[in-house]
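Beneath this line is the structure, given in structure tokens, with notes to follow.
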Protein chains: 2
Amino acid sequence: MLNAAGLHAPYCLRTVVELETEDGKIGLAEVPGSAAIDEALLAAKPHVLGADPRNWNALRAKLTQHFRPETSAVRGMAPWDGRKLVQVHSALDVACLDLAGQAAGVPVATLLGGIVRDQVPYSAYLFYKHEGAGGELAFGVDPKASGWAAARQKAALDPDGIVAQAKAMVAEFGFQSIKLKGGVFAPLQEIAAIKSLWRAFGAKVPLRLDPNALWSVQTSLTAAAELEGVLEYLEDPCRTQEAMAAVRRGCRLPLATNMCTTSFDDLPGSIRHHSEDIILTDHHYWGGLHASMELAAICRTFGRGVSMHSNNHAGISLAAMTHLGAAMPNLSFALDTHYPWQSDEIIVGGRMKIEGGCVTVPKEPGLGVTLDRPALARAHAAYVRCGLKERNDEIEMQKKVPGWRFLASRW
Amino acid sequence: MLNAAGLHAPYCLRTVVELETEDGKIGLAEVPGSAAIDEALLAAKPHVLGADPRNWNALRAKLTQHFRPETSAVRGMAPWDGRKLVQVHSALDVACLDLAGQAAGVPVATLLGGIVRDQVPYSAYLFYKHEGAGGELAFGVDPKASGWAAARQKAALDPDGIVAQAKAMVAEFGFQSIKLKGGVFAPLQEIAAIKSLWRAFGAKVPLRLDPNALWSVQTSLTAAAELEGVLEYLEDPCRTQEAMAAVRRGCRLPLATNMCTTSFDDLPGSIRHHSEDIILTDHHYWGGLHASMELAAICRTFGRGVSMHSNNHAGISLAAMTHLGAAMPNLSFALDTHYPWQSDEIIVGGRMKIEGGCVTVPKEPGLGVTLDRPALARAHAAYVRCGLKERNDEIEMQKKVPGWRFLASRW
């Protein structure tokens, strides 16, 4: 899958966290995987041992103290987020909530203030891509695949390919809105793809485009003028709050962000500049589910919309995202998810269902998912075999396009 | 007790809310009492019956819908808050949390994200007053009273009276910080009282003054210059965010507010103008404990301090305030409470203890307080006898000073 940073490797790395209580209950969480985050989680261990999982505020305070020197790490030069503290917070918040929900006999969404919707809507997430599948097939093709599993192996490098991908994905999952990951081809080509989607799906299916901040202000303004009335929102056309604010002042398209405003520290600037209309939370990068609920309250207070960003993830995170989506009173848009792009699963029962574009909130206490240990062992073996220790889309891209380099601004 | 709006009546009206579940558990809450709030709570009843008390987000959404036309009610012309929606939210949020805590077997503070302090600090709350006690004694004196109960009957109309009141209150409750309710006498007199407190207690006891927005910008600036290095913060010297911002720009004293920024709708203006350094929450007026936690997150995000405002209240509210104070990570200051000024109580066990200036967080599930029904019946009989249906400090003041009128700005 192509993106502004290069090419997703055929594997997505995830670190799975298990917290076990004295009475044998297990709390789960999943965060973007890397050797660095594994190290950080081990460093957090002394604070976690003996802590009450229902008392997140106290554990958060301890962790913040412990990781304080790292909070100054910057963010924004890649579509993912390498800051460790927020991911450690996220992992432990989710796992603690899973345990607290099990202890209280209620779903995690209830502990976030209560369920306002039982069906949480997600959007179709389209990618430009070469032919081929992921996982052990690397970029090979599985000829036995059918339906969406076959469709997603196909190349999608032009408007027709994108429309075909969208139709297959919508047919399988029933999504009611569509997002295209841009920042891959020149803006004119991506605008053409969006207009093809518009013609294929009509005005009832909201569309979004995310060039991952690769456009200049002038390009963003020209593109926005072209896409007014077509897009539901334009995500991160360019880099920095100042640039986003300049684009926003010059167009009538709502702007969303996951790259220019990505932390609580960024929010005062976002409000001051009014750089965006919609903030995309991601509990992995905002410090957990409690923190994402705080972000939602801030968005409500300051008249900003809220939706959700996604990277590749498995079912533990899909469950966490769904509990969050169920509890956020002001969820203005369908959430992003990469879930249709994976085929493996590490939770009991296998792949979670997306029907009518929605995931039903698990009703079991806690997150409502348990680990499939043989499946986890298989995934771990694949991790060891593949040899990746961190995400690096630039190196993957160079395998396809020798000499390709990431640029912070391309068009 | 004298204040900018006149004189507190010898009774404080409180409405007690009980929510009963099918399995016989009772959730409690307490809000400022009036015939109007009783009516509003009855109007909310159809939404509450059958609702899941653990699912506050859903109930809040229904109530907001129901009371929507009233959300435009203004606030700021009195030191208390007559908006009904936030008080209905507050009452039901607290009572639901009490039930949810009982159901989960955890204190309310745990459901607010977890306990960060077991001892919640309060400040001594001083009032100018004539001689006399409250309650059935009206403004009479109980000659049998001793200790603080005797001291609080004494007149406090000058610096010496205020210092004597402070010493008696601190001796009884161990408060570590002191607030004087001002807006009663000309600023020079109130500044003199603060300076007397400073001399009597020294720099280790933080002091605050609250003129309830009765000062002009120029008076506020002059007073602030006098009190720099003496006050911990100056609360609401004047009215409106613009005026507060003008004062803030012209002085080095932190400004706090409970009158210029009193709702989520006011926050964007407060941040834009930077009108205050510290926002005083009050779960009765900000829509409950969940909402107050959201306010705390906003204060943390935008670099504002947070503390708590108080009106007269009984033990149910003191318990709720203490759970909130226990869970707020960024509680920068001791909380206000009127509690030492009342002698009656409606909860089992009688008066809650304030020791070393702190209330210990109740460890029982829920709020940790239960109704003393005979005591509640006595309080209700007193309510019927006294004939008051709403708080009106102006009428009370006119009994002492014929012709006295409230002024929005006095000095």
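The values are calculated or read from the model by the stated rules, or taken from the named source; none is laboratory data. In this text, all values refer to a predicted model and were calculated from it rather than measured experimentally. Reconstructed Cβ throughout: ideal geometry from the backbone, glycine too, with neighbour counts over all protein chains shown. Heavy atoms of the whole protein, side chains included, go into the accessibility calculation; ligands, DNA and RNA do not. Shrake-Rupley method; radii C 1.70, N 1.55, O 1.52, S 1.80 Å.
Counting only helices (runs of 4 or more DSSP H) that fall entirely inside the range B:273-367 and contain at least 3 residues that are within 30 Å of B:ALA150 (Cα to Cα), the qualifying elements are B:315-327. Residues that are assigned to a helix (DSSP H, G or I) and either away from every other protein chain (no Cβ under 14 Å) or buried (at least 24 other Cβ atoms within 10 Å of the Cβ) (or both) are absent from the range B:250-269.
Go over the candidates B:GLU276, B:GLU232 one by one and state the one that is under 18 Å from B:GLY303 (Cα atoms) and in contact (Cβ under 8 Å) with a residue 60 or more places away in the chain.
Exactly one residue qualifies, and that residue is B:GLU232.
Here B:ASP236 meets the list (1) on the phi > 0 side of the Ramachandran plot; (2) surrounded by fewer than 24 Cβ atoms within 10 Å (Cβ to Cβ) almost entirely, failing just condition (2). The residue list A:ASP93, A:ASP158 contains one member that is of a type in the set (D, E, K, R) and within 14 Å of another protein chain (Cβ to nearest Cβ), which is A:ASP93.
When the range B:139-150 is filtered for residues that are hydrophobic (A, V, I, L, M, F, W, C) and over 22 Å from the mean Cα position of the chain (by Cα), the ones remaining, listed by number, are B:PHE139, B:VAL141, B:ALA145, B:ALA150.
For the range A:101-117, filtering for residues that are more than 9 Å from chain B (Cβ to nearest Cβ), open to solvent by 20 Å² or more (accessible area, probe 1.4 Å) and of a type in the set (Val, Ile, Thr) leaves 0. Does A:LYS179 satisfy the condition of being more than 14 Å from chain B (Cβ to nearest Cβ), open to solvent by less than 50 Å² (accessible area, probe 1.4 Å) and modelled with pLDDT of 95 or more? So A:LYS179 passes the test.
One line per residue, one yes/no per condition, for (1) within 14 Å of chain B (Cβ to nearest Cβ); (2) among the acidic types (Asp, Glu); (3) over 30 Å from A:VAL401 (Cβ atoms); (4) part of a loop (DSSP other than H, G, I, E, B):
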| site | (1), (2), (3), (4) |
| --- | --- |
| A:PRO10 | no, no, no, yes |
| A:VAL17 | no, no, yes, no |
| A:GLU22 | no, yes, yes, yes |
| A:ALA29 | no, no, yes, no |
| A:ILE37 | no, no, no, no |
| A:LEU41 | no, no, yes, no |
| A:HIS47 | yes, no, yes, no |
| A:ASP52 | yes, yes, yes, yes |
| A:ASN57 | yes, no, yes, no |
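Tell me whether the range B:118-136 contains one or more residues that are within 14 Å of another protein chain (Cβ to nearest Cβ), of a type outside the set (D, E, K, R) and assigned to a helix (DSSP H, G or I). No, there is no match, as no residue in the range B:118-136 is within 14 Å of another protein chain (Cβ to nearest Cβ), of a type outside the set (D, E, K, R) and assigned to a helix (DSSP H, G or I). Evaluating A:GLN165 against the criteria (1) of a type in the set (S, T, N, Q); (2) under 16 Å from A:PHE127 (Cα atoms); (3) in contact (Cβ under 8 Å) with a residue 60 or more places away in the chain leaves one unmet condition, (3). Selection within the range B:189-228: residues that are open to solvent by less than 10 Å² (accessible area, probe 1.4 Å) and in a loop (DSSP other than H, G, I, E, B). The member of this set that is nearest to B:GLN241 (Cα to Cα) is B:ALA213.
Filtering the range A:289-298 down to residues that are open to solvent by less than 10 Å² (accessible area, probe 1.4 Å) and in contact (Cβ under 8 Å) with a residue 60 or more places away in the chain, which residue is farthest from A:LEU92 (Cα to Cα)? This residue is A:ALA291. Residue check: is B:ILE316 open to solvent by less than 10 Å² (accessible area, probe 1.4 Å) and closer than 20 Å to B:HIS273 by Cβ? So B:ILE316 fails the test.
Tally time: how many residues in the range B:1-35 are of a type in the set (Gly, Ala, Ser), surrounded by 15 or more Cβ atoms within 10 Å (Cβ to Cβ) and over 27 Å from B:LEU209 (Cα atoms)?
3
Residues that are modelled with pLDDT of 95 or more, in contact with a Leu (Cβ under 7 Å, 6 or more places away or on another chain) and open to solvent by 50 Å² or more (accessible area, probe 1.4 Å) within the range A:48-77 are absent altogether.
Determine whether A:ILE347 is within 14 Å of another protein chain (Cβ to nearest Cβ), open to solvent by less than 10 Å² (accessible area, probe 1.4 Å) and either in contact with a Cys (Cβ under 7 Å, 6 or more places away or on another chain) or without any contact (Cβ under 8 Å) to a residue 40 or more places away in the chain (or both). For A:ILE347, the condition - within 14 Å of another protein chain (Cβ to nearest Cβ), open to solvent by less than 10 Å² (accessible area, probe 1.4 Å) and either in contact with a Cys (Cβ under 7 Å, 6 or more places away or on another chain) or without any contact (Cβ under 8 Å) to a residue 40 or more places away in the chain (or both) - is not met. When the criteria are applied in full, B:THR301 fails the requirement of being more than 14 Å from chain A (Cβ to nearest Cβ), of a type in the set (Val, Ile, Thr) and open to solvent by 10 Å² or more (accessible area, probe 1.4 Å).
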